[in-house]
Amino acid sequence: AQTVTQSQPEMSVQEAETVTLSCTYDTSESNYYLFWYKQPPSRQMILVIRQEAYKQQNATENRFSVNFQKAAKSFSLKISDSQLGDTAMYFCAFLTNFGNEKLTFGTGTRLTIIP
Amino acid sequence: EAQVTQNPRYLITVTGKKLTVTCSQNMNHEYMSWYRQDPGLGLRQIYYSMNVEVTDKGDVPEGYKVSRKEKRNFPLILESPSPNQTSLYFCASSLLVSGVYNEQFFGPGTRLTVL
């Protein structure tokens, strides 16, 4: 069974600073996808970034980038130049594309950006 | 606009009173799924469906039923709700193309309180 662990329940950072959220996972699969989802106070689930396991290059989306360490089964999210609108719950998630397209989520990290 | 809709968005009910949370998508997606979100547990899959009349249990199916009579709709049924089903519920849908990434689209969530 796949598991996703987020060891930081809460984090806070000053506006404009850089913050890194940690995520580790466990799987025996070789093909899989990893994701970071953002959940602002509106509760909407917003896909921030995704990483295909077969790609060595780390994914980036504007101010968001990941550090994907496949051997270590680590998938951290870096937010650069943090903004007040980044305040949200962030979930790391995992998916294998076989049969059930189930997303396995971590427990989340509540990130607060301080003005 | 391509979207997943859920109704109601908020519901307060009492133990034992049957209820249905509806989910509808307008993207002709084969795959639909229900998750529940609880503090400290992240999102967990309740049930999923890979096409019309094809449903299966996720990780936490006890106390829930689903049906998939039409491709666009995937209602979640609580026959006899109990307080431990108080949670935030999300419906999600995606295409089901084998071997490629199929992005899951989430509904806005339904906040259910069972007294």
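Please treat every number below as a calculation from the coordinates, not as lab data. Remember, it's a predicted structure, so these values are computed and weren't measured experimentally. Here the Cβ is made from the backbone with ideal geometry for all residues, glycine too, and neighbour counts use every protein chain on show.
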Can you tell me which residue in segment B:1-24 is surrounded by the fewest Cβ atoms within 10 Å (Cβ to Cβ), limited to those that are without any contact (Cβ under 8 Å) to a residue 60 or more places away in the chain and part of a strand (DSSP E or B)?
B:THR20
Which one of the conditions (1) within 24 Å of B:ASP59 (Cα to Cα); (2) away from chain B (no Cβ under 14 Å) does A:LYS70 fail to meet, given that it meets all the rest?
(1)
Looking across segment B:40-84 at residues that are in contact with a Gly (Cβ under 6 Å, 6 or more places away or on another chain) and over 16 Å from B:GLN6 (Cα atoms), the single one that is farthest from the other protein chains (Cβ to nearest Cβ) is B:SER80
For segment B:85-115, the count of residues that are more than 10 Å from chain A (Cβ to nearest Cβ), under 15 Å from B:VAL21 (Cβ atoms) and surrounded by fewer than 17 Cβ atoms within 10 Å (Cβ to Cβ) equals 2
For segment B:66-82, what are the residues that are touching a residue at least 40 places away in the same chain (Cβ under 8 Å) and either under 19 Å from B:TYR35 (Cβ atoms) or not polar (S, T, N, Q) (or both)?
B:LYS71, B:ARG72, B:ASN73, B:PHE74, B:PRO75, B:LEU76, B:ILE77, B:LEU78, B:GLU79, B:PRO81, B:SER82
Which condition number does A:LYS73 fail, the rest of (1) in contact (Cβ under 8 Å) with a residue 60 or more places away in the chain; (2) touching a strand residue (DSSP E or B) at 6+ places or on another chain (Cβ under 9 Å); (3) not aliphatic (A, V, I, L, M) being met?
(1)
